[in-house]
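Below is one structure, written out as C-alpha cells, with a few remarks after it.
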Amino acid sequence: MSEEQEHVQETAAGANAEKHGFQAEVKQLLQLMIHSMYSNKEVFSRELISNASDALDTLRFEGLKDDALFEGDAELAIWVDQDKDARTVSISDNGVGMTRDQVMERIGTIAKSGTRAFLDSLSGDEKKDAKLIGQFGVGFYSAFIVADQVVVDTRRGGEATGVRWISDGGGEYTLEEIDKPNRGTTVTLHLREGEEEFLEPHRMRHLVKTYSDHIAFPIKMREQLSDEDVEAGKEADWEQVNRGAPLWAEPKANLSDEDYAEFYKHSCNDFEDPLTWTHNKVEGSQEYTNLLYIPQRAPFDLFDPNGKAHGVKLYVQRVFIMDDADKLMPRYLRFVKGVIDSNDLPLNVSREILQNNRLLDKIRAGSVKKVLGLIESMAKDDEAPEKFKTFSNEFGTVLKEGIVEDHENQAKIAKLLRFKTTTDESADPGVSLDTYIERMQEGQDKIYYITADTLAEAKHSPHLEIFKKKNIEVLLLTDRVDEWVMAHMTEYEGKEFASVAKGALDLGEAESEEEKEQQKKLEEESSDLVGRIKEALGERVNEVRVTHRLTDSPACLVADEHGMSAHLERILKEAGQAMPNQAPHLEINPTHPLVEKLAAEQGETEFADFSQMLFEQAVLAEGGELEDPATFVRRMNQMLLAVSRGAAA
C-alpha cells in the first residue's frame, strides 16, 4: 500500500446501495454512544486503532497459509489522517479487510453476547461505562460519539471489489459495492459540530501516544510542517508517531510501570490498571518471552461454561497466531491475560500441532509456575495487602479449580487459597490453611470443614455444635466448586480433611477419655429409643444413632464417610442430574428436651409422627427440601395444638 491513503469524500449512497436495519440491541447501543458517552469521547481513537491492529494481526496469520492475501504489499501499517475542509478524521489499515457478509455480521448485527452483556453491565457512571466499551467487543460504535456519519470502505485481500458501509447512527445503514484499489479498511468519521479539536494534529498525536503507543505496527500521521514549508507548498510526508515495537520484546530496564499499564489496557481491553504482572525472557534449550497480567476485576463471563478463554495471546517470532490458545494456560488460570512469544514454534502452527507439542507443554508449565509465583508474592507482601485481598475476592473461587485440574501444582495452589472459618467468619480475604494448622487445638489431627450454599447456613449448621464447644476451628465452604475441590484435596501438610457432616465423628485426642466413656454410656442407655425411631422411619434413614456432634439441637442428618453429601446432591439435582435415593444417617441427641419427650411417648402413632417430624426438621436444618411439606405442616400443627391444650389445662 502506498503512503498516500485514499480518502472518502463522497458519502452519498450509490445506485447499487442497499438499506438494512440494525439489530435491536445495536440500535440501543448506538443511542447510548451518541447521547450518554459525550464526556469520554476520545475513546473512539483507542478502539478504532485497536481494531485496525487486529486486522493487521489477522492478515499476518492468515497470510502464512495464503500469501496471495498480501497482494505484494507486506509493509503493514495504520494511517491516521485529518481533513479540516471536509471535517473528517480517517483511520486506515492495510490489514485483511472484510467481505460484504463480514461487514454485515460484524457491524450491522452482533451474534455474540457482547452487546447484551455490555448493556447489562452499565453502572450509570458515564466515565466508567465509557471505558467498558472495548472490554465487551463493541468498540467500533464509539465512532458515533464524535461523528454524525461514519463511512467504512473495506476490501478483503484477494477479493475483486470492495464494500462501503454508511450510517448516521440511526436505525439503518447502507451497503454498496465500490472499487477499492488497496486491500484493508478505512473508517472515516464525519465530525459533529463542536468536535473540531480532533481536526488538530497535536490532539490526535496525543491520543495515539496515550492509548496506542505500544501497538506493534507503525501508526503514521502526516508530518507537521512549519509555516515556511506550508508557504512554499511542501506536501507533508507520513511519519511514524508511536513506538511501534512489541513491548514484551523490550528489556525490562527500559520499561516503566506506566508502560506496562498502558500496554495492558490497550491489548487486554481493560479500563483499569492491572493488579500485577510478570515479564520474563527464557533462553537456553528453548527461547520464549512471556508478559502475563492479573486484572483487578473478573471478566463478566469468567464462569461461562461455554465461554472461550481470550486471556493469553500466542505469538511466534512476533507474528500473532491466535488469542484463544487454551493450551497456553490451564482453565483455572483463565483470568490471566497477556502474551507468550516463542522463537521455536513453527510459524504455521495449528491447533492440531498445539495439542501434541512438547515445547508448548514446557512453555505452559513455565508460565504457570511464573503466575503462581506472582500470586504467592502478593500473598507475602505485607506492605500492600490490599492487592492479595483483591485477587482472592475476584479470582479465589476459580483458582480453587486448580486443585482438581493441576495435580502437579496442587500443594502450591492450596497454599494460596483463603477460607472463612468459624473463628474468622468475617476475615477478608480469609484464613490460609497454614494459619489454620497453626491454630489447631491440642490433640486435633484433622482439618475440619463444612459445605453449604451460604455463609449463614454454614455457620448455623447443627453439625458445628461440638466444634464450637471445644473451640475447634472449622472451614466454612460456600462456593459451588468447593464440593468438587474437597473430593480431590484429601490432605494438606500431612493433615487429613474431614467433613463435619459426613461419617462417624472421631475427635481423636481432642476428646478426653472421660468424654469417650460418657458417650459410650449414653449410646447404651439410648439403644431402645434408637431402635424405635429406626422402625418408625423405615427406609427414610440408613441408620439411627446417638450423636457425637450435637449439644443444642435435637437431631441432624449425616452422610456416609465416603458418600455424597446432601449439599452436593442438591447441587447435582439443580443441574438436572438424576440422583439415586441415598438414605442418610439420623443422629439424635438424647439429652435434648424434645428427644426426652419422644422417648417418653407411649402411643405408637404419636411416636411415629414425632419421629417423622424430627427427621424432617433435620432435613430443613441442612438446607434440604421436604418431599411432602403439607404433611410436615399438619404434624407440626397437631403438636402445637397439643402443647397449647396442655398449657391451657
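Does any residue in the stretch 213-228 that is assigned to a strand (DSSP E or B) come within less than 6 Å, Cβ to Cβ, of a residue that is hydrophobic (A, V, I, L, M, F, W, C) and crowded, with 17+ Cβ neighbours inside 10 Å six or more places away or on a different chain, and which pairs are these?
The qualifying pairs are Ile219/Ile78; Ile219/Val208; Ile219/Val241; Lys220/Ala77; Lys220/Trp79; Lys220/Trp238; Met221/Val80; Met221/Val241.
Tell me, which residue of the stretch 425-440 that is free of Cβ contacts under 8 Å to residues at least 24 places away in the same chain and either assigned to a helix (DSSP H, G or I) or among the charged types (D, E, K, R) (or both) is surrounded by the fewest Cβ atoms within 10 Å (Cβ to Cβ)?
Applying the filter and picking the extreme gives Glu438.
Considering only the stretch 255-297, how many residues are open to solvent by less than 50 Å² (accessible area, probe 1.4 Å) and among the small types (Gly, Ala, Ser)?
Within the stretch 255-297, residues that are open to solvent by less than 50 Å² (accessible area, probe 1.4 Å) and among the small types (Gly, Ala, Ser) number 3.
If I go through the stretch 415-424 residue by residue, how many of them are open to solvent by 40 Å² or more (accessible area, probe 1.4 Å) and over 24 Å from the mean Cα position of the chain (by Cα)?
Selection size over the stretch 415-424: 3.
Say whether the condition of being at positive phi, small (Gly, Ala, Ser) and in contact (Cβ under 8 Å) with a residue 60 or more places away in the chain is met by at least one residue in the stretch 175-193.
Quick first cut of the stretch 175-193, residues at positive phi only: 184.
If we keep only those that are small (Gly, Ala, Ser) too, we end up with 184.
Now narrow it down to the ones that are in contact (Cβ under 8 Å) with a residue 60 or more places away in the chain: 184.
For the stretch 175-193, residues at positive phi, small (Gly, Ala, Ser) and in contact (Cβ under 8 Å) with a residue 60 or more places away in the chain: present.
Being in a helix (DSSP H, G or I), in contact with a helix residue (DSSP H, G or I) (Cβ under 7 Å, 6 or more places away or on another chain) and not polar (S, T, N, Q) is the filter; apply it to the stretch 403-414 and report the residue that is most open to solvent (accessible area, probe 1.4 Å).
Filtering the stretch 403-414 down to residues in a helix (DSSP H, G or I) leaves 403-405, 407-414.
Of the ones still in play, those that are also in contact with a helix residue (DSSP H, G or I) (Cβ under 7 Å, 6 or more places away or on another chain) are 403-405, 409-410, 412-414.
Retained after the next criterion (residues that are not polar (S, T, N, Q)): 403-405, 412-414.
Working: Ile403: 2, Val404: 34, Glu405: 79, Lys412: 103, Ile413: 0, Ala414: 2 Å².
Per the stated criteria, the residue is Lys412.
Is it true that some residue in the stretch 267-278 is touching a Gly at 6+ places or on another chain (Cβ under 6 Å), outside any loop (DSSP other than H, G, I, E, B) and not small (Gly, Ala, Ser)? Spell out how you get there, then give the answer.
In the first step, residues of the stretch 267-278 are kept if they are touching a Gly at 6+ places or on another chain (Cβ under 6 Å); the result is 269.
Within this subset, residues satisfying the condition of being outside any loop (DSSP other than H, G, I, E, B) are none.
Scanning the stretch 267-278, I find no residue that is touching a Gly at 6+ places or on another chain (Cβ under 6 Å), outside any loop (DSSP other than H, G, I, E, B) and not small (Gly, Ala, Ser), so the answer is no.
Would you check which residues across the stretch 192-212 are surrounded by fewer than 20 Cβ atoms within 10 Å (Cβ to Cβ) and part of a helix (DSSP H, G or I) and list them?
So the first thing to find is which residues in the stretch 192-212 are surrounded by fewer than 20 Cβ atoms within 10 Å (Cβ to Cβ), and the list is 192-197, 199-203, 205-207, 209-210.
Correct list: Glu196, Glu197, Leu199, Pro201, His202, Arg203, Arg205, His206, Leu207, Lys209, Thr210.
Within 22 Å of Phe271 (Cβ to Cβ), in contact with a strand residue (DSSP E or B) (Cβ under 7 Å, 6 or more places away or on another chain) and surrounded by 18 or more Cβ atoms within 10 Å (Cβ to Cβ) - does that describe any residue in the stretch 225-241?
The answer is no, given that none of the residues of the stretch 225-241 is within 22 Å of Phe271 (Cβ to Cβ), in contact with a strand residue (DSSP E or B) (Cβ under 7 Å, 6 or more places away or on another chain) and surrounded by 18 or more Cβ atoms within 10 Å (Cβ to Cβ).
So which residues in the stretch 473-504 are among the aromatic types (Phe, Trp, Tyr) and modelled with pLDDT of 95 or more, if there are any at all?
First, pick out the residues of the stretch 473-504 that are among the aromatic types (Phe, Trp, Tyr): 484, 492, 497.
Scanning the stretch 473-504 gives Tyr492, Phe497.
Report, by residue number, each residue of the stretch 405-423 that is under 22 Å from Val474 (Cα atoms) and touching a residue at least 40 places away in the same chain (Cβ under 8 Å).
Initially, the stretch 405-423 is screened for residues under 22 Å from Val474 (Cα atoms), giving 410-423.
If the condition is that a residue be under 22 Å from Val474 (Cα atoms) and touching a residue at least 40 places away in the same chain (Cβ under 8 Å), then Gln410, Ala411, Lys412, Ile413, Ala414, Leu416, Phe419, Lys420, Thr421, Thr422, Thr423 are the ones that fit.
Report yes if some residue within the stretch 461-476 is on the phi > 0 side of the Ramachandran plot, touching a helix residue (DSSP H, G or I) at 6+ places or on another chain (Cβ under 8 Å) and open to solvent by 50 Å² or more (accessible area, probe 1.4 Å); otherwise report no.
First, the residues of the stretch 461-476 that are on the phi > 0 side of the Ramachandran plot: 471.
Subset that is touching a helix residue (DSSP H, G or I) at 6+ places or on another chain (Cβ under 8 Å): none.
No, that holds for no residue.
Search the stretch 362-402 for residues being open to solvent by 20 Å² or more (accessible area, probe 1.4 Å) and either outside any helix (DSSP H, G or I) or of a type in the set (A, V, I, L, M, F, W, C) (or both), and hand back the single one that is farthest from Ala487 (Cα to Cα).
Glu383
Any idea which residue in the stretch 136-179 is farthest from Leu48 (Cα to Cα), counting only those that are open to solvent by less than 10 Å² (accessible area, probe 1.4 Å), part of a loop (DSSP other than H, G, I, E, B) and in contact with a Lys or Arg (Cβ under 8 Å, 6 or more places away or on another chain)?
Gly157
Could you say whether any residue in the stretch 231-246 is assigned to a helix (DSSP H, G or I) and more than 30 Å from Leu275 (Cα to Cα)? Quick ask: steps written out before the conclusion?
Applying the first criterion (assigned to a helix (DSSP H, G or I)) to the stretch 231-246 yields 231.
With more than 30 Å from Leu275 (Cα to Cα) added as a condition, the list becomes 231.
Within the stretch 231-246, one or more residues are assigned to a helix (DSSP H, G or I) and more than 30 Å from Leu275 (Cα to Cα).
Read through the list (1) surrounded by fewer than 16 Cβ atoms within 10 Å (Cβ to Cβ); (2) touching a His at 6+ places or on another chain (Cβ under 9 Å); (3) within 19 Å of Gly311 (Cα to Cα), then give the number of the only condition that Lys252 fails.
Going through the list (1) surrounded by fewer than 16 Cβ atoms within 10 Å (Cβ to Cβ); (2) touching a His at 6+ places or on another chain (Cβ under 9 Å); (3) within 19 Å of Gly311 (Cα to Cα), Lys252 breaks only (3).
Does Lys495 qualify as being among the basic types (Lys, Arg), touching a Lys or Arg at 6+ places or on another chain (Cβ under 7 Å) and either open to solvent by less than 30 Å² (accessible area, probe 1.4 Å) or under 30 Å from Ile413 (Cβ atoms) (or both)?
On the way: among the basic types (Lys, Arg): yes; touching a Lys or Arg at 6+ places or on another chain (Cβ under 7 Å): yes; either open to solvent by less than 30 Å² (accessible area, probe 1.4 Å) or under 30 Å from Ile413 (Cβ atoms) (or both): yes.
For Lys495, the condition - among the basic types (Lys, Arg), touching a Lys or Arg at 6+ places or on another chain (Cβ under 7 Å) and either open to solvent by less than 30 Å² (accessible area, probe 1.4 Å) or under 30 Å from Ile413 (Cβ atoms) (or both) - is met.
Yes or no, residue by residue, for (1) touching a Cys at 6+ places or on another chain (Cβ under 6 Å); (2) surrounded by fewer than 16 Cβ atoms within 10 Å (Cβ to Cβ); (3) at pLDDT 70 or above:
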| residue | (1), (2), (3) |
| --- | --- |
| Gln9 | no, yes, no |
| Ser45 | no, no, yes |
| Lys65 | no, yes, yes |
| Asp81 | no, no, yes |
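Take the conditions in a strand (DSSP E or B) and over 22 Å from the mean Cα position of the chain (by Cα) and apply them to Lys281. Does it pass?
Numbers: in a strand (DSSP E or B): yes; over 22 Å from the mean Cα position of the chain (by Cα): yes.
In short, yes.
Tell me whether the stretch 442-455 contains one or more residues that are assigned to a helix (DSSP H, G or I) and crowded, with 20+ Cβ neighbours inside 10 Å. Break it down stepwise before answering.
Quick first cut of the stretch 442-455, residues assigned to a helix (DSSP H, G or I) only: 455.
So of that shortlist, the ones also crowded, with 20+ Cβ neighbours inside 10 Å come out as none.
No, there is no match, as no residue in the stretch 442-455 is assigned to a helix (DSSP H, G or I) and crowded, with 20+ Cβ neighbours inside 10 Å.
Identify, by number, the condition in (1) open to solvent by 70 Å² or more (accessible area, probe 1.4 Å); (2) within 20 Å of Ile466 (Cα to Cα); (3) small (Gly, Ala, Ser) that Ala578 doesn't meet.
(2)
If you go through the stretch 555-572 one residue at a time, do you hit one that is in a loop (DSSP other than H, G, I, E, B), open to solvent by less than 40 Å² (accessible area, probe 1.4 Å), in contact with a helix residue (DSSP H, G or I) (Cβ under 8 Å, 6 or more places away or on another chain) and free of Cβ contacts under 8 Å to residues at least 60 places away in the same chain? Give the steps one after another, and end with the answer.
The initial filter retains those residues of the stretch 555-572 that are in a loop (DSSP other than H, G, I, E, B), namely 560-565.
Keeping just the survivors that are open to solvent by less than 40 Å² (accessible area, probe 1.4 Å) gives 563, 565.
Those still in the list that are in contact with a helix residue (DSSP H, G or I) (Cβ under 8 Å, 6 or more places away or on another chain) too: 565.
Those still in the list that are free of Cβ contacts under 8 Å to residues at least 60 places away in the same chain too: none.
No, because not a single residue in the stretch 555-572 is in a loop (DSSP other than H, G, I, E, B), open to solvent by less than 40 Å² (accessible area, probe 1.4 Å), in contact with a helix residue (DSSP H, G or I) (Cβ under 8 Å, 6 or more places away or on another chain) and free of Cβ contacts under 8 Å to residues at least 60 places away in the same chain.
Looking only at the stretch 598-643, count how many residues are more than 19 Å from Arg540 (Cβ to Cβ), of a type outside the set (A, V, I, L, M) and free of Cβ contacts under 8 Å to residues at least 12 places away in the same chain.
Total satisfying the criteria: 3.
The values are calculated or read from the model by the stated rules, or taken from the named source; none is laboratory data. In this text the structure is predicted, and so the values were computed from the model without any measurement. Don't worry about glycine lacking a Cβ; one is built from the backbone with ideal geometry, like all the others, and counts go over all protein chains shown. Accessible surface areas use protein heavy atoms only, side chains included; no ligands, DNA or RNA. Shrake-Rupley method; radii C 1.70, N 1.55, O 1.52, S 1.80 Å.
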